[in-house]
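Working notes, structure below.
The values are calculated or read from the model by the stated rules, or taken from the named source; none is laboratory data. Everything quoted here is computed from the prediction, not taken from an experiment. Neighbour counts run over all protein chains shown; Cβ positions are idealised from the backbone, glycine included. Side chains are part of the model used for accessible areas, which takes the heavy atoms of the whole protein and leaves out ligands, DNA and RNA. Shrake-Rupley method; radii C 1.70, N 1.55, O 1.52, S 1.80 Å.
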Amino acid sequence: GTRYKWTGPDQFYSDEQSPFITTATRAMSGNYTGSVSARGCDAVTTTNVRVLDPVLPAVNIQSATICQGNSIQLTASGGTAYLWQPARGLSDPHAANPIASPTENTVYTVRISNDACSETMEVAIKVNKNATASAGEDQKIINGQSLNLNGQVSGDSVTYFWTPADYLDDPTKLNPTARPVEDITYTLHAISNSGCTSSTDDVFIRVYPRIVIPNTFSPNGDAVNDTWNIAAASSFPNPILKVTDRNGQLVYESKGTFKPWDGKFNGIDLPSAPYYYTIYFNEDFQTYSGWVMLIR
């Protein structure tokens, strides 16, 4: 057309083709009628305008800290529809008050809308990691040796220590040097200073005795060195000992619980001579071999 006229609620009037409604109020809601004229002809059109209440966005918290594995409720208000992003860790991203269970630090953005109007707000959730302890794999040593414990901890604001402190150079180190003289279990404690879950883990240290194999004995009945005794063998449940003469004939064998050799074969005293042995203690040791001198 060539001429235009708009009328509407709250005494609205305009002769512009495309007028603007500025500083809208609820009183301006309703039907707006536009009249169009051209060459003596007229036409009328109507459109409906809804002026909504403004969105007044609000959230219950702007930031919070939780422990790993815990949850927190988020609450938004001021609209009629809500959309939280990202959706991971939320019980319902479309709810006004979802339960958040993030596994890492997350900033949630909520879009609060009232039909066509919307506003956004953010909530930052910091996740403190729980304290975890790893004492490492079980280890084995021979009495007199030392080793380093292979401790590892993770988490936020963690302190740690070992118990017992026996035979450790420093129980407050992650990798202390241990020199135990007997079997022992060490426990690594990881303590969360953030109030989150703490943790412990154990490592077992098996301490084998020093293996000393005598190279001579004298079974002459004087009660001194009368048997060939390997003291360390009694610490093993199933050692296997074999003794042969110079011709390779088996003259003594011990299986299971170790039994010292008295220098006899089939109840008969063997003569003075070197005899040759093999000793298997367990899978942690190579088979020992050598000779022992029997003296009459």
May I ask you to verify whether VAL181 is crowded, with 19+ Cβ neighbours inside 10 Å and either at pLDDT 95 or above or on the phi < 0 side of the Ramachandran plot (or both)?
-> no
Picked from region 249-260 (must be free of Cβ contacts under 8 Å to residues at least 24 places away in the same chain and not charged (D, E, K, R)), the residue least open to solvent (accessible area, probe 1.4 Å) is SER254
Kindly indicate whether ASP138 is at pLDDT 95 or above, open to solvent by 60 Å² or more (accessible area, probe 1.4 Å) and of a type in the set (Asp, Glu).
-> yes
Any residue at all in region 4-25 that is among the basic types (Lys, Arg), in contact (Cβ under 8 Å) with a residue 24 or more places away in the chain, part of a strand (DSSP E or B) and out of contact with any Phe, Trp or Tyr (no Cβ under 7 Å at 6 or more places or on another chain)?
-> yes
Counting only residues that are open to solvent by 50 Å² or more (accessible area, probe 1.4 Å) and modelled with pLDDT of 95 or more, which one in region 230-245 is nearest to the chain's Cα centre (by Cα)?
-> ILE240
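So that you can scan it fast, the table gives a plain yes or no per residue for (1) open to solvent by 40 Å² or more (accessible area, probe 1.4 Å); (2) among the β-branched types (Val, Ile, Thr); (3) out of contact with any Gly (no Cβ under 9 Å at 6 or more places or on another chain); (4) touching a residue at least 60 places away in the same chain (Cβ under 8 Å):
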{"residue": "ASP53", "(1), (2), (3), (4)": "yes, no, yes, yes"}
{"residue": "THR65", "(1), (2), (3), (4)": "yes, yes, yes, yes"}
{"residue": "ALA95", "(1), (2), (3), (4)": "no, no, yes, no"}
{"residue": "PRO102", "(1), (2), (3), (4)": "no, no, no, no"}
{"residue": "SER134", "(1), (2), (3), (4)": "yes, no, no, yes"}
{"residue": "LEU147", "(1), (2), (3), (4)": "no, no, yes, no"}
Look at ILE279 and say whether it is in contact with a helix residue (DSSP H, G or I) (Cβ under 8 Å, 6 or more places away or on another chain), touching a residue at least 60 places away in the same chain (Cβ under 8 Å) and either open to solvent by less than 30 Å² (accessible area, probe 1.4 Å) or small (Gly, Ala, Ser) (or both).
-> yes
Report, by residue number, each residue of region 242-263 that is more than 10 Å from LEU294 (Cβ to Cβ) and either touching an Asp or Glu at 6+ places or on another chain (Cβ under 6 Å) or not in a loop (DSSP other than H, G, I, E, B) (or both).
-> LYS242, THR244, LEU250, TYR252, GLU253, SER254, LYS255
Among the residues of region 104-132, how many are under 30 Å from ASN150 (Cα atoms), open to solvent by 40 Å² or more (accessible area, probe 1.4 Å) and not polar (S, T, N, Q)?
-> 2
Check whether at least one residue in region 155-174 is surrounded by 15 or more Cβ atoms within 10 Å (Cβ to Cβ), among the small types (Gly, Ala, Ser) and out of contact with any Phe, Trp or Tyr (no Cβ under 7 Å at 6 or more places or on another chain), and report yes or no.
-> yes
